[in-house]
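> Could you have a look at this structure, given as C-alpha cells, before my questions?
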Amino acid sequence: MRIQIVDAFTSRPFAGNPAGVCLLPAGPWPDDHRLRRIAAELNHSETAFARPLPAGAGTGWEIRWFTPLVETNLCGHATLATAHALRQEGLLTGPVRFSSRFSGVLTAHPEPDGSLTLDFPAAPGTEVPVPRGLTEALGVAPVATLRTGALGDLLTVLPDEAAVRGVRPDLGAIATLTRREELRGVIVTAAAASASASASASASASASAQPAPDSAGVSGEPAYDFVSRFFSPAEGIPEDPVTGSAHTALAPYWAARLGRTDRMTGFQASARTGLVGVAVHGDRVHLTGRAVTVLEAVLRV
C-alpha cells in the first residue's frame, strides 16, 4: 500500500495541515482495525483512505477519514489532500465526486490556477448557552457559542483576534467538556483585527481563486476576514493546524455576521498556519485551497 503525506491549505511544504492519503485499489475495504492502526501509525490529525468505485456507481471514489483514535464523519483538509493526490497521479482531470458514509456526496473541482475547491454541506450554527467549564478551559469568556448540528463542533466566538491567537487551552478540560456535551471539538473564532484587513481580503479573493501563500506574524501577512483555531483532544487532535470542515460552520456564521455575499478568506492561527477560501452557496459551502506532497512511502506490513 502506497502512502502519501500531503500538506493541505497551503502552497508551501511544512505549513498548512498534513494528512495521510492512501489510494486503495478497487474492491472491498480493508479491515477497519487495519485502517485505524495505519492512521495511528501516521499520527496526523486525519488519514484519508479512498477506493475507486465501479462505473455506474454515481461517484468516482469512496472516501473515509481516521484520526489517530477514531473514524470521523467529515474532514476537509484530508479530502483536499486526496484530490491533490489523485491529480498528481493523473487520475483527476476534471471534478471528482467522493461518496462518504456520513456526509453524503462531496465534490472536488480543480481550478485553472492549480488550487482545488471542495463542495461541502454547510453547517450553520444554533446559538446555545456557554457550556459549563468552557470559559475556564479557554482562559477567556466567549461572546457567543453555537452548536453546529451534524458537524458536532462548538463554534465559540471570542472578543477579538488577539484573544483567539492568545488562547492557551486546558486540553484535559476541553476533552472532558466535549465528551460531556457530545461534541467533536471546539472552534474559537473572531473577526480579523482591522476593517482594512477584511476589505483587502475581499479584493484579494475576487482577484484570485486562491489566497496568497500563508504566513503568520510576519511582514506581508496575507489578508483575511476572520481567524480561527480548532481543538479536539478527545479525538486525538490537541490542536488541528487547518480545519476545512470547521469552515463549513465558520463560513455561514461570518457571512451573516459581516453581511458578506462574496468570497471570504479564513486564517487558521495554529503554529503551522493556513488559509481557506470560503463561499456560501445556499446549503453548501465551497472551500478553496492548495496542497503540496511532501512524502511518498510504501507500507511494508
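> If exposed GluC sites (Glu not before Pro) are those in a DSSP loop with at most 12 other Cβ within 10 Å, what is the longest stretch of the chain that has none?
Longest run free of exposed loop sites: 183-301.
> For the chain, return all DSSP H helices satisfying: extent of Cα atoms along own axis at least 27 Å; mean Kyte-Doolittle hydropathy at least 0.5.
none
> Now a separate question. Suppose R0 equals 25 Å. What FRET efficiency, 1/(1 + (r/R0)^6) with r the Cβ-Cβ distance, do ALA162 and GLU127 give to the nearest 0.05?
0.60
> Probe of 1.4 angstrom, ligands and nucleic acids ignored: what's the accessible area per residue over region 1-123, in square angstrom? Could the numbers behind the result be given before it?
Details: 4790 Å² over 123 residues.
Heavy-atom SASA per residue in region 1-123 reads 39 Å².
> To the nearest whole percent, what portion of all C-alpha pairs in the chain is separated by more than 33 angstrom?
Taking all Cα-Cα pairs of the chain, the fraction more than 33 Å apart is 18 percent.
> Which far-off residues, 5 or more places away or on another chain, put their amide H under 5 Å from the one on ALA123, with H placed in the peptide plane?
Here ALA249 satisfy the definition.
> Oh, and also: For the chain, which whole percent of the accessible surface, found with a 1.4 angstrom probe, sits on carbon and sulfur atoms?
Working: 6530 of 12040 Å².
On the chain, the fraction of accessible area on carbon and sulfur atoms equals 54 percent.
> Next question. What ranking do 63-70, 242-249, 2-9 get when scored by the average of other Cβ atoms within 10 Å per residue, highest first?
Peptide ranking by packing, descending: 242-249, 2-9, 63-70.
The values are calculated or read from the model by the stated rules, or taken from the named source; none is laboratory data. Everything numeric in this text was worked out from a predicted model, so none of it was measured. Counting neighbours? That spans all protein chains shown, and the Cβs are built from the backbone with ideal geometry, glycine included. Surface accessibility is based on the protein's heavy atoms, side chains included, excluding ligands, DNA and RNA. Shrake-Rupley method; radii C 1.70, N 1.55, O 1.52, S 1.80 Å.
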